[in-house]
Amino acid sequence: MSGPSTYVPKSAIGRWFESRLPLMGLVHSSFVAYPVPRNLNYMWTFGAILSFMLVAQIVTGVVLAMHYVPSATEAFSSINHIMRDVNYGWLVRYMHTNGATLFFLACYTHMFRGIYYGSFKAPRELLWIIGVVIYFLMAATAFLGYVLPWGSMSFAGATVITNLLSAIPLVGTAITYWLWGGYAVGDPTLNRFFSLHYLLPFIIVGAVGLHVWALHVTGQNNPDGVEVKNAERDTVAFTPYATIKDVFALSVWLIIYAWLIFYIPNYVLDADNSNIANPLATPAHVVPEWYLLPFYAILRAIPNKLMGVIALFASIAILAFLPWLDRSPVKSAKYRPTYRFFFWVFVVICIGLGWLGSQEPTEGLTLIARFLTVGYFGFFLVIMPLLSFTEKTKPIPASIADAVLPKKADATAAAQA
Amino acid sequence: MASAATVEAPNRRDFLFLTAGAVGAVGVAAVVWPLVDQMNPDASTLALASTEVDIGAIPEGQIVTVKWRGGPVFIRHRTKKEIEDAENVPLGELRDPQTDQSRVKKREWLIVIGVCTHLGCVPLGQEGKYEGWLCPCHGSIYDTSGRIRQGPAPLNLAVPEYAFLTDTRVKIG
């Protein structure tokens with residue numbers, strides 16, 4: 001996939017530049033001539049959507065930082081200042097808060113896509129692991145950002161999440177004091193969270209660079225899960241084919257984004273966060289943002305503090321081991337009927353855990369959460385290894401072209417008849 | 001074993017290389033430590049290490065929350081029943097066994113840090129099965145001695161360092 005660029009600049013200035021710094025050649029070989037499998041469906045447009053969301057979050061975030069004051073006494077009122085006084089401040093802030101929601105929605109779609117089509121399998125293990133790292137950085141960045149408005153839910157969230165580390169034996173408490181810069185979440189905590197919230201997105205940009213680089217070395221997976229054998233028959237050029245498809249998908253995505261911003265801008269925000277942080281009282285019902293709810297449900301399902309925290313982190317870390325848990329040589333769930341069934345069970349489990357995480361923990365619901373937690377880990381630790389060797393898969397096509405072209409020929413024949 | 005015969009004895013250059021490396025490592029550590037330690041509680045935070053409270057106005061049965069080191073401390077003027085409930089619990093029933101006597105200086109005054117030992121939320125007073133405290137976050141239940149009885153929290157509500165300056169004045173910290 002990668003190799004010396006075939007790009008030849010048309011202008012003299014372009015040739016002068018290219019012989020000194022082959023930047024345009026890199027862009028050309030990565031985003032113009034780059035061969036993509038010809039059978040990609042719309043699930044493969046989320047990489048572009050995610051790139052857009054990352055840029056959108058950085059641009060709106062930099063703008064918000066021009067008006068926001070990271071101080072325990074002024075942060076809350078500076079948010080109101082942004083909403084009421086700053087020109088278009090309300091728009092930029094709603095773009096940023098709802099942007100986080102759509103960023104995670106796209107990210108989860110992208111991850112489920114990878115699990116469904118086996119995109120984590122050889123030779124794309126590193127590509128997948130870098131993706132898990134990016135997801136973890138995203139969750140950390142979102143958490144830090146949620147603390148900044150300094151509402152009562154911000155404060156409770158900061159307290160609960162930083163206290164996860166107090167479960168570490170012996171040094172846990174010292175680590176929390178170090179994180180807080182005090183004996184409780186307070187002004188120093190808010191200040192450093194702002195600093196880190198500004199830093200992490202740029203580390204994500206770096207990780208995304210590695211992610212795309214690794215992708216362009218191995219080439220994309222595809223809905224049939226067979227590797228490219230003949231670039232001429234199996235692939236098309238990134239531009240215009242993938243570019244136009246990405247632009248169309250992104251346009252649809254932007255309609256959803258605009259609908260969130262202009263019609264239900266506060267839908268994902270918690271009403272409790274309209275109260276200023278109070279260190280002496282916790283809101284009656286502490287819940288994280290929707291995108292962290294399943295992990296919160298797993299934390300609550302386990303009655304022991306340390307084990308709960310370990311399960312929480314394990315539920316994310318386990319994703320990095322997928323390439324070695326699923327040993328089936330067939331990548332795509334399209335040819336794995338049993339795996340496909342369990343994949344959808346897994347999706348339902350994740351949504352179920354998310355719903356449970358949003359509810360008050362009654363005894364009955366906690367019991368259900370325990371069942372679903374077992375199901376969550378069971379999918380990775382039991383179903384995946386077991387199906388690797390026992391599942392009877394359907395025959396896979398000999399090549400990407402064989403998977404799609406005969407159908408097209410039949411359709412043409414049918415149309416002519 | 002031809003290679004064993006050709007191994008040279010450590011010379012002056014090896015010695016300089018190792019010592020220079022060691023000094024370099026110490027230098028790196030000396031630069032990294034300030035960057036790490038700056039995040040620890042600073043001098044102004046440490047200076048707020050104690051607070052004095054007038055408890056004369058707290059009627060029996062009431063809990064007052066005061067701020068100490070940025071977080072809540074509960075001062076509970078316990079009723080006779082609450083004291084008896086707390087004292088009559090067999091230690092075997094407790095997750096973090098402590099007698100009520102070891103947690104108070106005067107039987108009617110219970111002073112504990114108002115931070116749930118699970119994940120740091122502030123529990124609600126006079127609630128839960130034992131009418132001690134109930135944590136709204138994950139349902140930990142504490143008794144009238146602030147000891148953990150049910151739920152995910154591992155430890156009793158912590159007792160801060162405090163002293164009665166007079167009968168109605170307490171210094172916390």
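Testing the spin-label approximation: label points 7 Å from Cα along Cα→Cβ at residue B:18 and residue A:168. State their distance in nm.
Placing both labels 7 Å along Cα→Cβ, they lie 3.3 nm apart.
Out of segment A:167-268, which chymotrypsin sites (Phe, Trp or Tyr not before Pro) are coil in DSSP terms and have no more than 11 other C-beta atoms within 10 Å?
Values: sites: A:177, A:178, A:180, A:183, A:193, A:194, A:198, A:202, A:213, A:238, A:241, A:248, A:253, A:257, A:259, A:262, A:263, A:267; in loops: A:183, A:267.
Answer in residue order: A:267.
Where is the GNM fluctuation largest for chain B (alpha-carbon springs, 10 angstrom cutoff): B:155, B:46, B:35?
B:35
Enumerate the amide H contacts of residue A:236 below 5 Å, restricted to partners 5 or more residues apart or on another chain; note that Pro and chain-start residues carry no placed amide H.
Here A:36, A:38 satisfy the definition.
Which residues' amide hydrogens lie under 5 Å from the amide hydrogen of residue B:109, considering only partners 5 or more residues apart or on another chain, with H built in the peptide plane?
Close amide H contacts, sequence-distant or interchain: B:78.
How high is the relative contact order of chain B, given as a whole-number percent (alpha carbon pairs under 8 Å, six or more residues apart)? Numbers along the way, then the final one.
Details: 261 pairs, mean separation 31.9, N = 173.
The normalised contact order for chain B reaches 18 percent.
Just tell me the longest site-free run in chain B, where the sites are GluC sites (Glu not before Pro) in a DSSP loop having at most 15 other beta-carbon atoms within 10 Å. Mind showing how you got there, number by number?
Details: sites that count: B:8, B:60, B:108, B:127, B:161.
Answer from the scan: B:9-59.
With +1 assigned to the C-beta of every Lys and Arg and -1 to the C-beta of every Asp and Glu, and no other charges, what is the dipole magnitude of segment A:293-401 about the Cα centre in debye, to the nearest 20? Numbers along the way, then the final one.
Numbers: 10 positive and 4 negative charges, 85 e Å.
With only Lys, Arg, Asp and Glu charged at Cβ, the dipole is about 400 debye.
Expressed as a whole number of Å, what is the distance separating the alpha-carbon centroids of segment A:182-238 and segment A:121-146?
Answer, in whole Å: 7.
Please determine, in degrees from 0 to 90 and to the nearest 10, the orientation of helix A:305-317 with respect to the longest principal axis defined by the Cα atoms of chain A, where the helix direction is its Cα long axis.
So the inclination is approximately 20 degrees.
If each Cα of segment A:1-87 is one equal point scatterer, what is log10 of I(q)/I(0) from the Debye formula at q = 0.16 Å⁻¹?
Relative scattering, expressed as log10 I(q)/I(0), comes to -0.81.
Name the long-range amide H neighbours of residue B:124: under 5 Å, sequence gap of 5 or more, or other chain; modelled H, no Pro or chain starts.
When sequence neighbours closer than 5 places are left aside, the close amide H contacts are B:134, B:135.
Could you give the radius of gyration (one decimal) and Dmax (whole number) of the Cα atoms in the protein assembly as shown, in Å?
Every Cα atom of the protein assembly as shown included, Rg and Dmax give 29.6, 103 Å.
Helix A:75-84 versus the longest principal axis of chain A: what angle, 0 to 90°, nearest 10, using Cα atoms?
With rounding to tens, the tilt is 60 degrees.
Under 20 Å from the Cα of residue B:81, which aspartates and glutamates turn up, not counting those fewer than eight places away in the same chain?
Candidates past the 8-residue exclusion: B:60, B:93, B:100, B:108, B:127, B:131, B:143.
Which angle between 0 and 90 degrees, to the nearest 10, do you get for helix A:125-147 versus the longest principal axis of chain A when only C-alpha atoms count?
Result, in degrees: 30.
Computed FRET efficiency, Cβ-Cβ of residue A:304 and residue A:13, R0 51 Å: what is it to the nearest 0.05?
On the way: r = 67 Å, r/R0 = 1.31.
Calculated transfer efficiency: 0.15.
Can you give the FRET efficiency for residue A:359 and residue A:236, using 1/(1 + (r/R0)^6), R0 = 51 Å, r = Cβ-Cβ distance, to the nearest 0.05?
Working: r = 47 Å, r/R0 = 0.93.
Taking R0 as 51 Å, the efficiency between residue A:359 and residue A:236 is 0.60.
Using a 10 angstrom Cβ neighbour count of at most 15 plus a DSSP loop assignment to flag exposed trypsin sites (Lys or Arg not before Pro), which longest range of chain A is free of such sites? Kindly include the intermediate steps, with their values, before the conclusion.
Details: sites that count: A:10, A:229, A:327, A:392.
With a cap of 15 other Cβ atoms within 10 Å, the longest stretch comes to A:11-228.
Quick one: what are the phi-derived ³J(HN,Hα) couplings along segment A:177-186, Karplus 6.51/-1.76/1.60 with θ = phi - 60°, whole Hz, x for glycine and proline?
Working through the residues one at a time gives 4, 5, 5, 7, x, x, 9, 7, 4, x Hz.
Who wins for biggest fluctuation among A:166, A:19, A:195 in a Gaussian network model of chain A, springs between alpha carbons below 10 Å?
The residue with the greatest mean-square fluctuation here is A:19.
Once fully extended, how much extra length lies between residue A:136 and residue A:91, figured as 0.36 nm per residue of separation less the alpha-carbon to alpha-carbon distance?
Working: separation 45, 0.36 × 45 = 16.20 nm, distance 2.76 nm.
Value of the extension gain: 13.4 nm.
Explain nothing, just compute: Karplus ³J(HN,Hα) = 6.51 cos²θ - 1.76 cosθ + 1.60, θ = phi - 60°, for every residue of segment A:193-204 in order, whole Hz, x for Gly and Pro.
Calculated HN-Hα couplings, in order: 5, 5, 4, 6, 5, 6, 6, 4, x, 6, 5, 4 Hz.
If R0 is 41 Å, what FRET efficiency do you get for residue B:40 and residue B:99 from their C-beta distance, rounded to 0.05?
Working: r = 35 Å, r/R0 = 0.84.
Calculated transfer efficiency: 0.75.
Which of the cysteines found in the protein assembly as shown have nothing to pair with, since no other Cys Cβ lies under 4.7 Å from theirs?
Flagged as lacking a Cys partner: A:107, A:350.
Longer than 18 Å from Cα to Cα, which of A:229/A:331; A:121/A:245; A:245/A:331; B:67/B:106; B:80/B:105 are they? Say none if no pair is.
Working: A:229/A:331 16 Å; A:121/A:245 25 Å; A:245/A:331 24 Å; B:67/B:106 21 Å; B:80/B:105 16 Å.
Over 18 Å Cα-Cα: A:121/A:245; A:245/A:331; B:67/B:106.
With springs connecting C-alpha atoms under 10 Å apart, model chain A as a Gaussian network and identify which of A:291, A:88, A:68 has the largest mean-square fluctuation.
With Cα springs under 10 Å in chain A, the top fluctuation among A:291, A:88, A:68 is at A:88.
Report ³J(HN,Hα) in whole Hz for each residue of segment A:165-176, in order, from the Karplus equation J = 6.51 cos²θ - 1.76 cosθ + 1.60 where θ = phi - 60°; Gly and Pro get x.
6, 5, 6, 5, x, 6, 9, x, 5, 4, 5, 5
Suppose only helical runs count, i.e. DSSP H with n ≥ 4. What mean residue ellipticity at 222 nm does that imply for chain A under -39500 (n - 2.57) per run, divided by all residues and rounded to the nearest 500 deg cm²/dmol?
The per-residue figure over chain A is -20500 deg cm²/dmol.
Coordinate-derived values only; no laboratory data. Just so it is clear, the structure is predicted and the values come from calculations on it, not from any experiment. A quick note on method: Cβ atoms are made from the backbone with ideal geometry, for glycine too, and the neighbour counts reach across all protein chains shown.
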